[in-house]
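The values are calculated or read from the model by the stated rules, or taken from the named source; none is laboratory data. The structure displayed is predicted, hence computed values, not measured ones. Methodologically, a virtual Cβ is constructed for each residue, glycine included, from the backbone with ideal geometry; neighbour enumeration extends over all protein chains shown.
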Amino acid sequence: MKFKGSPHVYYTNSISASTVLRTTCPSNLSNRLVLFTNTASTTNGWRLPTEAEWEFAYYGLANSVFFWGNGDGRNYAWFRDNSLLKTKPVQTKLSNAFAIFDMAGNVAEWVWDWYDSYTNTVVKDPRGPAQAKTYRVIRGGSFKDTQSGLTGTKRGFMLEADARYYLGFRVCKTQ
């Protein structure tokens, strides 16, 4: 993936940067999609956030179940009770404290990490498994979920080739 003026981020070969992912579904590749720069913190191109980055972007400094507090989230998110079970245009609800819109509801989001269970070890800026697993992590909730399913800890998984009408993604860039 490359936007004008940014370096390539995803490659199909972990040995060299010779094969840049340009257009294809990752499941069509002979080997798994690779974030070539090994750590997201040194990647300067546009990319999917890691699971930890996504969760930090959701909560920021909030200390509650939801980024908007523990009350009603109708002003912040689209979910089962207010969405008519359809996606909605972005930025039609209030943002979180970081001025990021649609972190809860509307569509659930892909993140970079492979799905695995958490460890009990405290880690700063944790990364998912280094080796490919079967599923990629999905974070947040969608318009199909109840409000209680929109917490920043909501976590799911899917095959990386799966496509669903309630699933999307956002990109981030290391500054």
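Listed values, structure above:
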| quantity | calculated |
| --- | --- |
| Given (1) modelled with pLDDT under 75; (2) polar (S, T, N, Q); (3) assigned to a loop (DSSP other than H, G, I, E, B); (4) in contact with an Asp or Glu (Cβ under 8 Å, 6 or more places away or on another chain), number of the condition Ser41 does not satisfy | (3) |
| So Leu61, is it touching a Leu at 6+ places or on another chain (Cβ under 8 Å) and modelled with pLDDT under 95 | no |
| Residue, farthest from the chain's Cα centre (by Cα), within the range 56-104, restricted to residues that are at positive phi and surrounded by fewer than 18 Cβ atoms within 10 Å (Cβ to Cβ) | Leu84 |
| Selection from the range 164-175 of residues that are closer than 15 Å to Ala52 by Cα and not in a loop (DSSP other than H, G, I, E, B) | Cys172, Lys173 |
| Residues of the range 149-172 classified as more than 13 Å from the chain's Cα centre (by Cα) and surrounded by 13 or more Cβ atoms within 10 Å (Cβ to Cβ), total | 5 |
| Selection within the range 98-115 - under 20 Å from Gly149 (Cα atoms) and either assigned to a loop (DSSP other than H, G, I, E, B) or not assigned by TED's automatic domain parsing to the domain that holds Phe157 (or both) | Ile100, Phe101, Asp102, Met103, Ala104, Asn106, Val107, Tyr115 |
| Breaking point among (1) more than 19 Å from Pro49 (Cβ to Cβ); (2) small (Gly, Ala, Ser); (3) at pLDDT 85 or above, for Ala161 | (3) |
| Residue within the range 123-138 that is in a loop (DSSP other than H, G, I, E, B), within 15 Å of Ala57 (Cα to Cα) and acidic (Asp, Glu) present | yes |
| Residue in the range 138-151 that is closer than 18 Å to Thr50 by Cβ, assigned by TED's automatic domain parsing to the domain that holds Trp68 and out of contact with any Lys or Arg (no Cβ under 8 Å at 6 or more places or on another chain) present | no |
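For every residue, the table says whether it meets (1) touching a strand residue (DSSP E or B) at 6+ places or on another chain (Cβ under 7 Å); (2) touching a residue at least 24 places away in the same chain (Cβ under 8 Å); (3) under 21 Å from Trp46 (Cβ atoms).
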| residue | (1), (2), (3) |
| --- | --- |
| Tyr59 | no, yes, no |
| Leu94 | no, yes, no |
| Trp112 | yes, yes, yes |
| Tyr118 | no, no, no |
